[in-house]
Amino acid sequence: MRKLLALALAVAMLLSLGSVSFADDIDDAYEAKANVIATDYSGKTVILHSNDVHGAIDGYACIPTLRSWFSDKGADRVLVVDAGDFSQGTSYVSVSKGLTAIQMMNAAGYDLVTLGNHEFDFGYAQLMSNLEQAEFITLSCNVIDDATGEAILPGYTVLKYGEEGADDAISIGFVGIETPETATKVNPGLIKEIHFTAFEELYTCTQKAVDTCKAEGADLIIALAHLGVDAESAANGYRSVDLLNKVEGIDFTIDGHSHTVMTRGEGGLAIQSTGTKFENVGVIVIDNATKTVEQNFLVSTKGIEKDAAVLAAAQAIIDEVDAKYGAVFATSEVELNGAKAPGNRTEETNLGDLITDAMVWSVVKEGGIEQVEPNQIVGITNGGGIRAAIKAGDVTMKDINTVLPFGNTVAVIYVTGQELLEALEASTFCTPDSIGGYPQTSGITWTLDTTKEFNKGEVYTLDGKESSYFAPASIERVTITSVNGEAFDENATYAVVTNNFCAAGGDTYNVFFRAYSEGTGFDTGIPMDEAVIDFITEVLEGTITAEAYGAPRGSETQIR
């Protein structure tokens, strides 16, 4: 096992240095690459890090193995940290509303974490309840309680090791930073008590935490940042690279949010990120004598022996969820696209078609849409809410829950044709770059011209708080040809079947929030996953056919 792990470390370091060829024989490859890895970590502090685990709970069993390896190699200490988004992603964490993720991180021995936007998916109160069971420190400098004006959690900590004044004594400051996009990437109705510092205030808040760490004697400062490097975040300057260009004194950034695999950021900035779902574990090596980051690299988790106790804890959770949700209720002749990009956040998909068809059907079946004719009912859901694929073959309730893990319900709002155009324009402002609000639709035939510029207007606000997105000053990129086969009318009223997240202004759907808050709509209370399950069972008679959903139906045309 030691040889396999050392090989994985060697391969990871070489990948960070450039393209190489590897010997077929493991022993030969180990011998050839062993000199790349320091064989003695004496006098070093090693930080292992993860990000965007998203419910891949068996991956936590790699952490004790790696920790022991570096300790056995002489490291003075090994810290384990995470950069957020551990509470959502599979049924194994979403069924417990994120609590099982906390339990697994306790079992793996995490020391420090920061929050991701998905930590708030089940509401602020649920998150704080979950964190009461955390055996690690949670940091976040820019999530503020509206009532007190104070951060809901410590924004920083300084960990001090060794005898003061000794050559090997070291103090490491950690600062936690949450993406301000959380304000609209989470159902705004579930986080009304808090806000996320944004725009220039984000930099000011972070700089204050960094300066405080320095004042308390930190030799170097590590940012735990859930910011990412997505193009979607560039307009507001919310990327980790933007932060480092604005804030002074951060020596290294452990990043999350965009699922990027990187050992350096744009322009060579000191940023590292592991991807998602334990594809890799990040390693940062600090030399205690010089108080500097000596090296950083990623370790692939493939081939790493998993800790038996942590793996057993994960398996107990997996078995319990599988027993409850693992029953097969349907079959699919095709794979339904669950990808982020290209996929549900960039274009129409067959899975988006299925989900929006099911949502519309679930409401029409129950009745209650009385203000418009049936041919004026459409469906829209945000592509970022579609979290996984449905593979060809057996389909279980767990599959559907994994695709739609948030517990969102189906809602109805009434908007004008002009407001419908605004929703589509705002939700595709950066396409062809991916965006969580990308509209998957039913009943709308529309065109998106990505060669035209988005005409940015005023920043959207929700309950007086600035969001991360901007209203279109004019409709430039989107046209609607028809609705349910009939001519589109900007002045007509349409019923939009959506989810309660979008109805509350989530992602880019501020126009829906305006309509919903004025009382022009209702929440059906139908869980989205149940709507899809019932649609597959009753309408499709248990079979998702290639004829019906083998490819996107072509409701959307994109000009690039």
remark   = Full extension between Glu373 and Glu266 adds, at 0.36 nm per residue less the Cα distance, a length in nm of 33.3 nm
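Set the Förster distance to 45 Å, then compute FRET efficiency between Glu453 and Lys302 from the Cβ-Cβ distance, nearest 0.05.
My answer for the efficiency is 0.55.
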task = Mark the label point 7 Å from the Cα of Thr331 along Cα→Cβ and return the residues of segment 541-560 whose backbone N is within less than 14 Å of it.
result = 541-546
remark   = Gyration tensor on Cα atoms of the chain, a ≥ b ≥ c root eigenvalues, a/c under 1.5 rounded, else prolate if a/b beats b/c, else oblate, says prolate
ask   = Under the classification rounded if a/c is under 1.5, otherwise prolate if a/b is larger than b/c and oblate if not, where does segment 38-316 fall, given a ≥ b ≥ c as square roots of the Cα gyration tensor eigenvalues?
value = oblate
query = Put a dot 7 Å past each Cα toward the Cβ at Asn106 and Lys214; how far apart are the dots in nm?
reply = 3.8 nm
query = Could you give the angle, 0 to 90 degrees to the nearest 10, between helix 99-108's Cα long axis and the longest principal axis of the Cα atoms of the chain?
reply = 20 degrees
query = Using Cα pairs under 8 angstrom and six or more residues apart, how large is the relative contact order of segment 230-381, in percent?
reply = 10 percent
note = Here, chymotrypsin sites (Phe, Trp or Tyr not before Pro) of segment 171-223 satisfying both criteria (DSSP loop; at most 14 other Cβ within 10 Å) are Phe199
key: Anchor Lys277: lysines whose Cα lies under 28 Å away (excluding residues fewer than 8 positions away in-chain)   = Lys3, Lys33, Lys44, Lys73, Lys97, Lys185, Lys302, Lys306, Lys324, Lys340, Lys391, Lys398
request  = Determine, for His54, His195, His257, the number of other Cβ atoms within 10 Å of each Cβ, and report the residues in order from fewest to most.
outcome  = His195, His54, His257
query = On a 0 to 90 degree scale, rounded to 10, what angle separates helix 200-215 from the longest Cα axis of the chain?
reply = 20 degrees
query = Going 7 Å from the Cα of Glu248 toward and past its Cβ, which residues in segment 267-284 have a backbone nitrogen under 18 Å from where you end up?
reply = 270
note = Placing each pseudo-label 7 Å from Cα in the direction of the beta carbon, Asp72 and Ser474 end up separated by a distance in nanometres of 6.8 nm
inquiry  = At 0.36 nm per residue, and after removing the present C-alpha to C-alpha distance, how many nm does the segment from Lys291 to Ala487 gain when stretched out fully?
reply    = 63.8 nm
query = Pairing the Cα long axis of helix 350-366 with the longest principal axis of the chain, what angle in degrees results, from 0 to 90 and rounded to the nearest 10?
reply = 50 degrees
query = For Thr520 and Ala323, what does the FRET efficiency come to when R0 = 51 Å and r is the distance between their Cβ atoms, rounded to the nearest 0.05?
reply = 0.75
message = Only four residue types carry charge here, +1 at the Cβ of Lys and Arg and -1 at the Cβ of Asp and Glu. Report the dipole size of segment 38-316 about the Cα centre in Debye, rounded to the nearest 20.
response = 540 debye
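Values quoted throughout were computed directly from the atomic coordinates according to the rules given, and no laboratory measurement underlies them. Since we're looking at a predicted model, the values are computed, not measured. Every residue, glycine as well, gets a Cβ built from its backbone with ideal geometry; the counts of neighbours run over all protein chains shown.
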